[in-house]
Amino acid sequence: MSYKTILAAASGGAASDGVMEVACRLARRFASHIEGFHVRIDPREVLVAAADGFGMPLPGGWIEEMTAEAAATAAKTKAAFDSAIARHGVAIADTPPTIAASAAWREETGFAPVLVARRARFFDLVVLGRSERVVDRSHSDAVEEALISSGRPVLLAPAQPPATLGETIAVGWNGSPESVRVLAASLPLLAAARAVAIITIGDQDAGEIASVIDYLAWQGIVARHHYLHPVPGVGVGEQLLAEAREVGADLLAMGGYGHTPWREFLFGGATRGVVETSLLPVLLSH
């Protein structure tokens, strides 16, 4: 069980350093190939969208300024990626196969959510950052689009990763197909972990736990069940994250939902503050 290819999508914002750090750690652990992926903004698309279809003329000075800014961001992001892989001793390699951790860089121009999701389809794992640039939101559209459209698990990396990664893993289980998928997607990490905690909230989610524990045991993974009583006035996501911290987890795996309840569960309401301030990486699968 392994992640042989990892897409590290870096916008150049505050979360990019965490993306690169997490991707490099995983690449060293699984002898993976990392592709550092950056999408440059297309100034013409932005200005056309701003004109709202009214055919307004595109000011040349703005285009040149935005193009120069996009180039500078891309150069800064690549330099940070090069620094990260050098720090972790990851070799540059453009073609398969490799027997040790390797890395390459790729840039495209356009709308990042669509391009990241499209590129992610060809990797075992996608590492994205929790954007701090989106006002009142703890994620960007790229996270949601990657979850819904790529068919791949997404690991959200905090700007400052924890000292350890994947030594103790908490898995949120609610019996949904998304829970099943994230359980399968997290198997390489679970197999390498020292401790695994399966967390359920309420009786309706606890009935299949014996089967979950048995399934993991057949993979050589020992897991313990942590049952939580629902707390009135406290969101499910908030309880899950709090229990993950309580068991000492340095990574949380959970199903991701591509509609309003999911966004409220992980990114909205009281949960948003927990996610924004948590140092816990979160593995999601839709």
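The values are calculated or read from the model by the stated rules, or taken from the named source; none is laboratory data. Here the structure is a predicted model, which is why all the values come from computation and not from measurement. Note: ideal-geometry Cβ built from the backbone for every residue, glycine included; neighbour counts use all protein chains shown. Ligands, DNA and RNA are excluded from the accessible area calculation, which covers all protein heavy atoms including side chains. Shrake-Rupley method; radii C 1.70, N 1.55, O 1.52, S 1.80 Å.
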Which sequence of M66, M1 reflects their accessible areas, 1.4 Å probe, from the largest down?
M1, M66
5 angstrom amide H check on T5, placed H, neighbours 5+ away:
H33, D124, L125
Quarter of the surface of the C-alpha convex hull for the stretch 206-258, i.e. direction-averaged projected area in nm², equals 5.0 nm²
HN-Hα J couplings of the stretch 66-82 from phi, Karplus 6.51/-1.76/1.60, θ = phi - 60°, integer Hz, Gly and Pro as x?
5, 5, 5, 5, 5, 5, 5, 5, 4, 5, 5, 5, 5, 4, 5, 5, 4
Which whole-Hz ³J(HN,Hα) couplings does the stretch 94-99 yield from phi under the Karplus relation 6.51 cos²θ - 1.76 cosθ + 1.60, θ = phi - 60°, glycine and proline marked x?
9, 10, x, x, 10, 9
Arranged from highest to lowest average of other beta-carbon atoms within 10 Å per residue, in what order do the peptides 69-76, 155-162 appear?
155-162, 69-76
Order by accessible surface, 1.4 Å probe, largest leading, for residues R181, R224, R44, R194 comes to R194, R224, R44, R181
Please list, in chain and number order, the residues 5+ apart from R40 or on another chain whose amide H is under 5 Å from its amide H, with Hs placed from the backbone.
E108, T109, G110
Note down the net charge around W62, summing +1 for each Lys or Arg and -1 for each Asp or Glu among other residues with Cβ under 11 Å from its Cβ.
-2
With viscosity set to 1.567 mPa s at 4 °C, what whole-number translational diffusion coefficient in µm²/s follows for the stretch 170-244 from Stokes-Einstein and a Kirkwood radius over Cα pairs?
102 µm²/s
Scan around A14 for amide H atoms under 5 Å from its own, H built in the peptide plane at 1.01 Å from N, and keep only partners 5 or more places away or cross-chain.
E132
